[in-house]
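> Before anything else, here's the structure in question.
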C-alpha cells in the first residue's frame, strides 16, 4: 500500500475543519474540500462568507435561547404567539420541525443540548436556571417538554419535570406518537403535530 501524498497545510486545515460537522468523516471531508476547491470556488467563497457572517452576527435570544440577530428573536417578539405555553426543545432544528407541523402557536425555549452525564453535560452546562427563570415569569401556564425520545432526552425531560413542578408549573410531555429512540429533526411534521395534540403530563 503506497503512502498518501502529503497535502498542503491550508487543504489539511480545511479538511479537518469540515470533519467537525456531524456524520462527516475523513473521506467525506476530503471529498467536500476537493469539490469546493476544484469545481466550485465561488461556492467556497460564499460558504466562507456565510459562516463568518453567521458567527459574527448571531447571538442567543435573551428569552428563548435560540439563535437571533437581535436581543429578542422574531418568534418571541410575535404578539400572535400564545405566551402561556412554553415548549422546551433540545436544538433549533427541533424547534423548526415543531414549527413546520403548524400545530403549535406558543413560545419556545431551546436548551442547546441535553443532559449527558457521561459526556460531562450537566444542568449547569445547559443553564437550566435560565429556563426556570423564563418559565416562572408569571405568564407561562404550561411547559411542554419536547426533548427527543432518546435515553438522554428522556433523562432531561424527567429532570426538568421535577424542577418545574416544584415551582408550581403544569408540565406535559410530547405523546408517544414520536417513535422511541428518534430525533425530532428526522420525524415528519404530521407525526409531530399529532404528538403535540396528544401530549400528556410528564
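The values are calculated or read from the model by the stated rules, or taken from the named source; none is laboratory data. Since the model is a prediction, treat every value here as computed from it, not as a measurement. Here Cβ is always computed from backbone atoms with ideal geometry, including for glycine, and neighbour counts include all displayed protein chains.
> Considering the range 128-158 alone, what residues qualify as being over 17 Å from residue 183 (Cβ atoms), out of contact with any helix residue (DSSP H, G or I) (no Cβ under 8 Å at 6 or more places or on another chain) and in contact (Cβ under 8 Å) with a residue 24 or more places away in the chain?
Passing the criteria: 130, 134, 136, 139, 141, 142, 158.
> Restricting the search to the range 63-75, which residues are free of Cβ contacts under 8 Å to residues at least 60 places away in the same chain, under 16 Å from the mean Cα position of the chain (by Cα) and either buried (at least 17 other Cβ atoms within 10 Å of the Cβ) or not in a strand (DSSP E or B) (or both)?
Of everything in the range 63-75, those that are free of Cβ contacts under 8 Å to residues at least 60 places away in the same chain, under 16 Å from the mean Cα position of the chain (by Cα) and either buried (at least 17 other Cβ atoms within 10 Å of the Cβ) or not in a strand (DSSP E or B) (or both) turn out to be 66, 68, 73, 75.
> Every residue in the range 76-96 that is more than 17 Å from residue 135 (Cβ to Cβ) and surrounded by fewer than 21 Cβ atoms within 10 Å (Cβ to Cβ), please.
77, 78, 79, 80, 91, 92, 93, 96
> Can you name the residue in the range 32-59 that is assigned to a helix (DSSP H, G or I) and over 27 Å from the mean Cα position of the chain (by Cα) and is also nearest to residue 72 (Cα to Cα) among such residues?
Kept after step one, since they are assigned to a helix (DSSP H, G or I), are these residues of the range 32-59: 32-39, 41-57.
Filter once more, so that each one left must be over 27 Å from the mean Cα position of the chain (by Cα): 34-39, 41-42.
Working: 34: 40, 35: 38, 36: 36, 37: 38, 38: 41, 39: 40, 41: 36, 42: 33 Å.
Per the criteria, the residue is 42.
> What single numbered condition from (1) modelled with pLDDT of 95 or more; (2) in a helix (DSSP H, G or I) fails to hold for residue 97?
(1)
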